[in-house]
Amino acid sequence: LIRTAKMKFKVKDVPQATQIIEDIILKNKGIITNSAIYNKNVSKHIINISQDSAYNIYYNDLTANLNLRVPCGKLDSSLRQIAPLAIIIDYRIVEGKDVTLNLMAKQLEQTRLEKKQKRVSTAINTRSGKLDDAIAAEDAMDDAMEKADLAKLSEYDTNNKIAFSSIEIELYQDIVITKEKVKRTDQEIASYSPSFGNRIVDALSSGFSALGEILIAVVAIWPLWIILGVGIYIYRRWKNRKKQD
């Protein structure tokens with residue numbers, strides 16, 4: 001019999017269950033032909049927790065696929081050791097295929113091909129006649145040898161599958177939720193606005209600056225002030241003289 005098993009079930013923790021199953025197979029003198037764990041991001045949410053910080057919330061789907069082989073006599077015991085890991089079983093299929101007739105057919109085919117090889121070999125060794133006949137005999141010999149090799153390989157593959165049963169397992173678990181604290185990137189950038197106190201200080205500073213500019217401007221026109229002063233002096237003297245007269 002070629003015995004195989006296929007299973008799919010939910011576990012509490014995929015990485016941990018995967019390691020336990022691998023250990024069970026190795027303890028039963030089995031072989032791990034493939035073991036893969038997949039982490040698929042289902043969705044992502046952002047929760048703001050302060051003015052400049054937020055949490056990224058990730059929802060991940062964690063699964064695993066295993067292809068295993070154990071000696072045929074260890075299949076049932078291996079499955080019983082794996083069973084307690086299952087929380088929910090989607091399916092568990094154990095099959096046995098009788099290949100006795102297939103093996104007998106391969107053996108009979110090999111016997112026929114060996115006899116054919118001997119006949120062709122004898123014909124080649126005792127050949128006489130045209131070159132075309134000799135080439136055809138050589139081709140027939142090659143064809144018979146190739147078919148014999150394929151029959152042997154097929155028989156070996158069948159015996160190997162009988163000796164080692166295959167197990168295919170698919171694991172999954174509840175959605176894994178993880179969070180990551182990050183800086184917020186969704187804040188609007190506002191233009192700078194000084195405080196009330198800073199505005200008063202700036203106003204006083206601007207006033208002093210304006211007063212200084214005025215004083216500088218007044219000093220800059222000093223000749224005009226002299227002319228104006230002389231004019232006022234002359235005007236007052238002229239007015240006084242006019243009153244005396």
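The values are calculated or read from the model by the stated rules, or taken from the named source; none is laboratory data. If you're wondering where the values come from, they're calculated on a predicted model, not measured in any experiment. Here the Cβ is made from the backbone with ideal geometry for all residues, glycine too, and neighbour counts use every protein chain on show. For the accessible areas, the whole protein counts, side chains as well, though only heavy atoms, and no ligand, DNA or RNA atoms are used. Shrake-Rupley method; radii C 1.70, N 1.55, O 1.52, S 1.80 Å.
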Next item on the list: Could you tell me which of the residues T126, T63, T122 is at pLDDT 95 or above and either loosely packed, with under 14 Cβ neighbours inside 10 Å or of a type in the set (S, T, Y) (or both)?
Entry: T63
Checklist line | Matching residues, segment 196-210, being more than 60 Å from the chain's Cα centre (by Cα) and open to solvent by less than 90 Å² (accessible area, probe 1.4 Å) | finding: S205, S206, G207, S209, A210
Check: In segment 156-178, is there at least one residue being closer than 30 Å to Q107 by Cβ, at pLDDT below 75, more than 43 Å from the chain's Cα centre (by Cα) and open to solvent by less than 90 Å² (accessible area, probe 1.4 Å)?
Finding: no
Next item on the list: Scan segment 47-54 and give yes if some residue there is touching a residue at least 40 places away in the same chain (Cβ under 8 Å) and surrounded by 15 or more Cβ atoms within 10 Å (Cβ to Cβ), otherwise no.
Entry: yes
Notebook entry, point to check: Is it the case that K40 is open to solvent by 60 Å² or more (accessible area, probe 1.4 Å), more than 30 Å from Y156 (Cα to Cα) and of a type in the set (K, R)?
Noted result: yes
Checklist line | Matching residues in segment 1-58 - criterion: being assigned to a strand (DSSP E or B) and of a type in the set (V, I, T) | finding: I2, T4, I31, I32, T33, I37, V42, I46, I47, I57
Next item on the list: Give the residue that is modelled with the lowest pLDDT, with candidates limited to residues of segment 92-115 that are in a strand (DSSP E or B) and open to solvent by 90 Å² or more (accessible area, probe 1.4 Å).
Entry: K97
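L131 - would you say it is modelled with pLDDT under 65, open to solvent by 70 Å² or more (accessible area, probe 1.4 Å), among the hydrophobic types (A, V, I, L, M, F, W, C) and out of contact with any Cys (no Cβ under 8 Å at 6 or more places or on another chain)?
Criteria met by L131.
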Check: Regarding A190, is this residue of a type in the set (A, V, I, L, M, F, W, C), surrounded by 11 or more Cβ atoms within 10 Å (Cβ to Cβ), more than 30 Å from S35 (Cα to Cα) and at pLDDT below 75?
Finding: no
